[in-house]
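Taking it in order: structure first as structure tokens, then the write-up.
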Amino acid sequence: MRHDESTNMKPVDPSYWDKLVADYEAQAQPFTSYFAEAALRTLQLDRSTRLLDIATGTGAVALAAARTGAQVMAIDFSAGMVQRVLSHGVPNIEARQMDGQALELPDASFDAVLSVFGVMLFPDWRAGLREMARVTRPGGSAVVAVWKDEDGAATNLLLSQLRKALYPDLAPPRPFPGMIELSDPQRLSAAMIDAGFAEPSIEEITHDSQLKLAALDDADRLFELIPAWNTLAPEQRVAVLGEMRSRAEQDRVGDVLPIPSTALIATARRR
Ligand SMILES: C[S@@+](CC[C@H](N)C(=O)[O-])C[C@H]1O[C@@H](n2cnc3c(N)ncnc32)[C@H](O)[C@@H]1O
């Protein structure tokens, strides 16, 4: 996850995400869509399904769900993300700006509620899960996708791994509490039960993120907002980049370095 040290903006600030809309849609959404579609495949959706996508971002879940005919509500605390989803003009998607920790939505008003790489980022991720349960009707379904590694996925994950290998004594940047807690399948199941769900079942899915090797020529620009990079000293960055290039020589496929990233997809029923 990216942090902007220069402005002190953090991912807990909606304006951080407002500025990322175009980059997120171009670079992250093609990757997260793979997991969003896997999350949706755990559900049976039709035109009568009322579905809520929490922390929709640029709409990976909402857009795919809408293709089934389901009635989709997409929420995000970033006005920019909400506007981007609305700009598609999909008639069966309603998008609203809202904090996932305090949903302005009635109890038991959805048949299916999903959060793909969203709730894990909330400072009060337990409240996020409780809110998911509150708005799901009894017997309805919830799906929560998180990363299996507390350092996340894609370039965030690779940089963290290389940094730990090269500088084991250097304190890593503090990851999100929800990413740490929910990255373990048993703790994820327990958290869903605590929130009000039953019978959690967890699927592990791995998919490659594709790092374009040409982009490494401007590594400071590419990784500028990634804490595992921007908290390194200049000579440490040179060393980490050297390791990454060696890794790329070994594992490249054409002009990209695949970075295998594993998600846990938890599905449960509302009690
Ligand atoms: C990693 S993106 C995931 C987006 C999308 N679900 C996907 O899989 O591509 C995280 C999203 O969570 C949103 N977000 C973070 N904290 C939030 C909160 N407290 N309430 C609602 N949305 C939040 C951000 O604005 C961002 O769009």
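When the chain is treated as a Gaussian network with alpha carbon springs shorter than 10 Å, the biggest mean-square fluctuation among SER109, SER183, SER48 belongs to SER48.
Under the 0.36 nm per residue contour assumption, what length would be gained going from the current alpha-carbon distance of ALA26 and ARG245 to full extension?
Taking 0.36 nm per residue and subtracting the Cα distance, the gain is 76.5 nm.
When the Gaussian network model of the chain links Cα atoms closer than 10 Å, the mean-square fluctuations of GLY254, GLY140, GLY196 top out at GLY254. Look at where the Cα atoms of region 61-105 and of region 20-48 average out, and the two centres are 12 Å apart. Could you tally the net charge around ALA165, taking each other residue with its Cβ under 11 Å from the Cβ of ALA165, Lys/Arg +1 and Asp/Glu -1? That works out to +2.
Based on the Stokes-Einstein relation at 10 °C and a viscosity of 1.306 mPa s, and on the Kirkwood radius from alpha carbon pairs, the chain is assigned a translational diffusion coefficient of 83 µm²/s. The C-alpha radius of gyration of region 158-265, expressed as a fraction of 2.2 N^0.38 Å, stands at 1.31.
Count the lysine pairs in the chain whose Cα atoms sit under 23 Å apart, keeping only pairs 8 or more residues apart in sequence or on different chains.
Here the count comes out as 6.
Comparing LEU216, LEU257, LEU129 in a Gaussian network model of the chain, where Cα atoms under 10 Å apart are tied by springs, the biggest mean-square fluctuation is seen for LEU216. Any chance you could give the angle, 0 to 90 degrees and rounded to 10, that helix 154-166 forms with the longest Cα principal axis of the chain? Roughly 40 degrees, rounded to the nearest 10.
Readers should treat all values here as calculations from the given coordinates under stated rules, not as data from a laboratory. Source: prediction; values computed, not measured. Methodologically, a virtual Cβ is constructed for each residue, glycine included, from the backbone with ideal geometry; neighbour enumeration extends over all protein chains shown.
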